[in-house]
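Visitor: Right, I'll just put the structure down here and ask away after.
Only the coordinates and a few stated rules stand behind these numbers; no lab work does. Keep in mind that what you see is a predicted model, and the values were worked out from it rather than measured. All Cβ positions, even for glycine, are placed from backbone atoms using ideal geometry, and neighbour counts span all protein chains on display.
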Amino acid sequence: MALTTEPNIAGPDDFYAELLRAHEGLSDDDSAALNARLILLLANHVGDRAVLSEAIAAAVRAGRPGGA
């Protein structure tokens, strides 16, 4: 399995709105904890360590200036 980076979510705007609603009223710490739980649940669902490592590396690169 390869990491999918092209848009692949049905109803992406609805998904984003649902994600934002899940964070409404949460403190910064509670919001970070929700994100961590969501990441771990989705990582478990993916299950493929190579894909998860590729996703981590892609996220790190995206957070750097210029995305490199």
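Visitor: Restricting attention to the range 1-15, which residues are part of a helix (DSSP H, G or I) and either among the charged types (D, E, K, R) or touching a strand residue (DSSP E or B) at 6+ places or on another chain (Cβ under 9 Å) (or both)?
Guide: Correct list: D13, D14.
Visitor: List the residue pairs whose Cβ atoms are under 7 Å apart, where the first residue sits in the range 1-24 and is within 19 Å of H45 (Cα to Cα) and without any contact (Cβ under 8 Å) to a residue 12 or more places away in the chain, the second is surrounded by 10 or more Cβ atoms within 10 Å (Cβ to Cβ) and of a type outside the set (A, V, I, L, M, F, W, C), and the two are 6 or more positions apart or on different chains.
Guide: Cβ pairs passing all conditions: none.
Visitor: When the range 16-50 is examined, which residues are found to be among the small types (G, A, S) and part of a helix (DSSP H, G or I)?
Guide: Selection gives A17, A22, S31, A32, A33, A36, A43, A50.
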